[in-house]
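The values are calculated or read from the model by the stated rules, or taken from the named source; none is laboratory data. Since the structure is predicted, the reported quantities are computational estimates derived from the model, not experimental observations. Cβ atoms come from the backbone with ideal geometry, glycine included; neighbour counts cover every protein chain shown. Accessible surface is based on the protein model in full, side chains and every heavy atom, while ligands, DNA and RNA are left aside. Shrake-Rupley method; radii C 1.70, N 1.55, O 1.52, S 1.80 Å.
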Amino acid sequence: MANLEFTGERMVPGRVDPDLELEHVSRYHFAARLAAERSVLDLASGAGYGSGILAAASARRVVGLDLALDATAYARREYRSGPAFLAADCLRLPFRRGSFDLVVAFEVLEHVSDPATLLREAARVVRSDGLVVLSTPERDAYSESRQGVPNPFHVHEFAAGELSDLLAETFESCRLFAQTRAEGAFFEPVGGSAQRRADLGEGRAERSAFLLALCGSAAVVERAAGHSYFHPGDLDSIHRRDARIQQLQEEVEERSRWGRRLTAEAEDGARRIRELQDELEERTRWARDLEGRVEQARSQTDHLDRELELLREQAAERSRWAEERKEWIERGARERDEWQARFQGLEDRLDSVARRTDEVESDARKTAGRLGDAQRSFAEALQRETRYVERRVAELGAKQDALAARVACDGERTVWQGESLELQRRELDEIAAALARWRPR
């Protein structure tokens, strides 16, 4: 990426207001007084400009560290000689204890989720006779300067007392500085030297939106914090500010023209809004009417749904009835086929019986003819036999009468004759029975 865009999270030189740039750069010039011949760690180095200032102040070694890869890559391209840049987390510094003489942490404390851990890490990597220099917004004055609009990139903000208490948990000694801005005239003797003195007035520290702290051992802090520090803005920054003011004035004029156009458009929009409101009212009435019709249609739909459900139940019932009817028909068809098979068998048997009957009838007619002949022959034989029997009966009757007459004459032979008579009588009964059986009917 050739350029690093300004998003509001970090300052990018040349891409912000000159006053804002001076505000950030001046902190590093404050720390640069302490960097000569020292090993320096610049925490949250961002675009790398601060590490460059520290390296230009004759620091022995400067390491810039930032979590953002794009900012680290940008800093490496912009400052190819001098500082070294590393992408790492300020809450887990990749250095051994006592690796640096000076640790700088400007405008980073308010951005991290655990400020106490950052301070402990900074105290760990700085030497016992070294310094930690940090800055952070003063909550109340900073909020007032932004008219109460919170900074979306800040996780924590501290009042001066809260910051002092937090620093005291980690460091032996701390000294707070208030960062303010001032404009004025500077007078210096020509062709000679003189003690420089700045008379900025009283009460400015209480109105400062930013706090700067020196932290370390009591002796080291006392030596480093003996004087105030003034960093003047250069002429170029003033020219850039004037150009920025001119640019802003032009933007104001342009926005005024735009505002007038916007006012005209707003009037047209107001008329259009009234027209749309009238149209909306008309459509609202139409929508209410439509809503009533929809509700009526919904009611009809519910009724139709119930009827449809009833029809579905009836259809299901009829479907079950049709299935049962189908099974009954199929069963009837099978039974019909079985009965047809049976009827066919019976018809075959009837045909056979009919043929047999015809044969029997033919045989019967033939037998009847033979029986008629036999009956006639038997009747003739029976008549002959009857006549014979009748003659025989008459003869026996005559003999009986003769015997009866002889009984009276011959008493001695009565028993024998009685027996003989009994025998003859039985013989006559048998003949009579035979005649009765064989007599034609």
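Take the conditions (1) under 20 Å from A218 (Cβ atoms); (2) buried (at least 18 other Cβ atoms within 10 Å of the Cβ); H111 misses just one of them, which is (1). A single member of F187, F171 is assigned to a loop (DSSP other than H, G, I, E, B), farther than 18 Å from A141 by Cβ and modelled with pLDDT of 90 or more, and it is F171. Here R376, R391, R355 are screened, and the one residue that is open to solvent by 80 Å² or more (accessible area, probe 1.4 Å), at pLDDT 85 or above and among the basic types (K, R) is R355.
The number of residues in the stretch 89-105 being open to solvent by 10 Å² or more (accessible area, probe 1.4 Å) and among the aromatic types (F, W, Y) comes to 1. A search for C-beta distances below 8 Å between a residue of the stretch 357-385 that is under 19 Å from L435 (Cβ atoms) and among the aliphatic types (A, V, I, L, M) and any residue that is part of a helix (DSSP H, G or I) and open to solvent by 60 Å² or more (accessible area, probe 1.4 Å), counting only pairs 6+ apart in sequence or on different chains, returns L382/W438.
If we keep just the residues of the stretch 117-141 that are open to solvent by 20 Å² or more (accessible area, probe 1.4 Å) and within 48 Å of the chain's Cα centre (by Cα), which is farthest from S51 (Cα to Cα)? Looking at the filtered set, the residue picked out is D140. Filtering H231, H227 for residues that are at pLDDT below 85, closer than 30 Å to F30 by Cα and open to solvent by 100 Å² or more (accessible area, probe 1.4 Å) leaves a single hit, H227.
Inspect the stretch 39-60 for any residue being within 20 Å of A123 (Cβ to Cβ), modelled with pLDDT of 95 or more, open to solvent by 30 Å² or more (accessible area, probe 1.4 Å) and over 55 Å from the mean Cα position of the chain (by Cα) and give the result as yes or no. Within the stretch 39-60, not a single residue is within 20 Å of A123 (Cβ to Cβ), modelled with pLDDT of 95 or more, open to solvent by 30 Å² or more (accessible area, probe 1.4 Å) and over 55 Å from the mean Cα position of the chain (by Cα).
For the criterion of being at pLDDT 95 or above, in contact with a Phe, Trp or Tyr (Cβ under 6 Å, 6 or more places away or on another chain) and under 21 Å from L131 (Cβ atoms), G98 fails. Selection of the stretch 337-394 for residues being closer than 30 Å to L428 by Cβ and either of a type in the set (D, E, K, R) or within 60 Å of the chain's Cα centre (by Cα) (or both) yields R376, E380, R384, E385, R387, E390, R391, R392. Remark: S99 falls outside the filter, which requires a residue to be without any contact (Cβ under 8 Å) to a residue 60 or more places away in the chain and polar (S, T, N, Q).
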